[in-house]
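The values are calculated or read from the model by the stated rules, or taken from the named source; none is laboratory data. Values in this document were obtained by computation on a predicted structure and should not be read as measured data. Glycine gets a Cβ as well: all are built from the backbone with ideal geometry, and neighbour counts include every protein chain shown. Heavy atoms of the whole protein, side chains included, go into the accessibility calculation; ligands, DNA and RNA do not. Shrake-Rupley method; radii C 1.70, N 1.55, O 1.52, S 1.80 Å.
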Amino acid sequence: MAHPIAAITATAGYVPEYVLKNKELEGMVATNDDWIQSRTGIQERRILKGIGKGTSDMGAEAVRQLLTKQSLQASDIDLLICATVTPDHPFPSTANIICDKVGIRNIGSFDISAACSGFVYALTVARQFIEAGNAQRIIVVGADKMSSIINYNDRATCVLFGDGAGAVLVEKSENGLGIVDSLLKSDGAGRQYLYQKAGGSAYPATQESVAAKEHFVYQDGRNVFKHAVNGMATISQEIMQRNQLQSTQIDWFVPHQANKRIIDMVAKRLDLSEQQLMLNIQQFGNTTAATIPLCLWQWENQLKKEDKLILTAFGGGFTWGAIYLKWAY
Ligand code: UT7
């Protein structure tokens, strides 16, 4: 008997109310709207305000929305996975906290740390549980409060990132449509180009580490840019080739949203047109693990049953990945 196929059966999203526009950043660092828009494509991003508010608060909003939309009870869910690099705490996991906040109890829940590739990693893991018959209904969340690890005096990073959460429901496919293939890759030698140095076990927090601003994101932008273009283009080509998929057969290409120029270069390498791309970077900036599920949520009404989608991401680690799926509803 053929093994079960995993399919996304609903999407949800949440972005905080506060809109941080390029103009406001002009008053914080030596930058300008023109530079930000022309070098990154970003016009504004959302910021989660409020003492004690963390990634789980945004994730919980998206999960609540998903349950309501599908008329599901908390007890209908049998696994929750959260992709994030900005967990509320080093432990327990943000997935644990989201479950508690929405009233989901006594199920498996855990976080996945794969930076900007987090959602692609988490969806691939969820797929395995469905295919193995070990779960029936899984929620995959991609959520990050990037503003919590950004130095708003560093113009090289503070203009890029925003906060947000996306969530999808993953179930056993009823119609043969769903996730066809996925590919994950990593290369830890790339960690020097994009990371948060302090706050983990190698460099626990000290007064010195805080003073040196080592709890914020460090990025060698040019280097990451080069690897991101190559990583997403190559892995997308690989997954297309092994599924005999031509560029013209792809209905939607859903790339991680780090820089509009990266997306344009990847699209060019793959011979894709602007009409095939989902783009929300102008509105939300780089929301790390949330970019892809937020795109799926925003485009849900335009997606049609049997549409062919390629999701791809590249991020810290380095990590990268791609998923080929046929939209199931
Ligand atoms: O999501 C995870 C993966 N992350 C990515 O994929 C991000 C990859 N990198 C990038 O998107 C781009 O490298 C950046 C947007 C971060 C930077 O763009 P760039 O075209 O690579 O610029 P650059 O770093 O080469 O800097 C060019 C110039 C520099 O000035 P000089 O040295 O030429 O005088 C920078 O100091 O632009 C300057 N610069 C800025 N100027 C105004 C850097 N940031 C800013 C800024 N405003 N915010």
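If you run the Gaussian network model on the chain, springs between alpha carbon atoms under 10 Å, then out of Gly166, Gly41, Gly221 the most flexible one is Gly221. For the peptides 7-19, 60-72, the ranking by mean Cβ contacts within 10 Å, running from highest to lowest, is 7-19, 60-72.
Distances between placed amide hydrogens fall under 5 Å for Gly316 paired with Cys116, Ser117, all partners being 5 or more residues away or on another chain. 3J(HN,Hα) along region 37-54: 5, 6, 8, 10, x, 8, 9, 7, 8, 9, 10, 7, 9, x, 5, x, 7, x Hz, from the Karplus curve 6.51 cos²θ - 1.76 cosθ + 1.60 with θ = phi - 60°, whole Hz, x for Gly and Pro. Grab the other residues whose beta carbon is less than 10 angstrom from that of Lys23, score K and R as +1, D and E as -1, and report the net. Local charge sum for Lys23: -3.
Largest GNM mean-square fluctuation among Cys99, Cys82, Cys116, using the chain with Cα springs under 10 Å: Cys99. For the chain, modelled as a GNM whose springs connect Cα atoms under 10 angstrom apart, the maximal fluctuation among Pro204, Pro255, Pro92 occurs at Pro204. Per-residue ellipticity at 222 nm computed for the chain from its helices equals -9500 deg cm²/dmol, with DSSP H segments shorter than 4 residues left out and the rest contributing -39,500 (n - 2.57). Based on C-alpha pairs under 8 angstrom that are at least 6 apart in sequence, the chain has a relative contact order of 26 percent. Principal axis extents of the Cα atoms in region 174-329, from largest to smallest and rounded to whole angstrom, are 56, 29, 27. Computed over the chain, the P(r) curve from all C-alpha pair distances, binned at 10 Å from the origin, holds 6, 28, 36, 23, 6, 1, 0 percent per bin. Each other residue within a Cβ distance under 10 Å of Trp320 adds +1 if Lys or Arg and -1 if Asp or Glu, for a net charge of 0. Express the carbon and sulfur contribution to the solvent-accessible surface of the chain as a percent, rounded to the nearest whole number, probe 1.4 angstrom. Carbon with sulfur: 48 percent of the solvent-accessible area.
Structure note, pairs Lys268/Lys326; Lys69/Lys185; Lys172/Lys268; Lys197/Lys308: Cα-Cα distances above 27 angstrom occur for Lys69/Lys185; Lys172/Lys268; Lys197/Lys308. Here the spin labels are modelled as points 7 Å beyond Cα on the Cα-Cβ line, and at Arg242 and Asp76 they lie 3.4 nm apart.
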